[in-house]
Amino acid sequence: MRAGEELARRMRRSGAYPPAVDARLAEAADELDRGCETIASFMRQGGAGRPWVRVLAGTAAERVGRLKMNGRIRGRSALTDLEELDALIATLHYAAAAWRALERSPAIVTDVARPRAEACEALISAVEPGRLDAAERALVL
């Protein structure tokens, strides 16, 4: 979730997205941040520490994911918007699935997990039209 939040914030900083998509990016970043904080709270309550290796791996994966199919490290390619939106939607799917699994756990309060899952699922639906528009622009032959 942290890598997805970082991705959404970086996407916003690029200034490449139309206002409607940019608004969804802000919502996604905020939701994924809330999710990270909630998970961290669960872990503290359970006596576990922050999973630094996973946090670092997620951050590294987000940074490696900046490489585009055209091999450029810097600059945006025609596929950049599509790739970034695909990655964000995949992260939101992952987060929603994790919350749905936690919702079934007797150790987790359902009223905490369910709203997080529903928020992620709503964001997937909200971001999808922008992803389809990006696909139409990027995949014109």
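The values are calculated or read from the model by the stated rules, or taken from the named source; none is laboratory data. Model, not experiment: these values are computed from the prediction. Here the Cβ is made from the backbone with ideal geometry for all residues, glycine too, and neighbour counts use every protein chain on show.
Residues in region 94-116 that are under 13 Å from Ile39 (Cβ atoms) and either at pLDDT 95 or above or of a type in the set (Lys, Arg) (or both): Tyr94, Ala95, Arg116. In region 63-88, the residues that are β-branched (Val, Ile, Thr) reach residues that are modelled with pLDDT under 70 with C-beta atoms within less than 6 angstrom, at least six apart or across chains, in these pairs: Thr80/Lys68. Among the residues of region 2-41, just one is farther than 25 Å from Arg74 by Cβ, surrounded by 17 or more Cβ atoms within 10 Å (Cβ to Cβ) and of a type in the set (Ser, Thr, Tyr), namely Thr38. Figure legend. Inter-residue proximity from region 1-26: first residues assigned to a helix (DSSP H, G or I), second residues surrounded by fewer than 19 Cβ atoms within 10 Å (Cβ to Cβ) and β-branched (Val, Ile, Thr), beta-carbon distance below 8 Å, spacing 6+ or different chains. Indicated pairs: Arg2/Val55; Arg2/Thr59; Ala3/Thr59; Glu6/Thr59.
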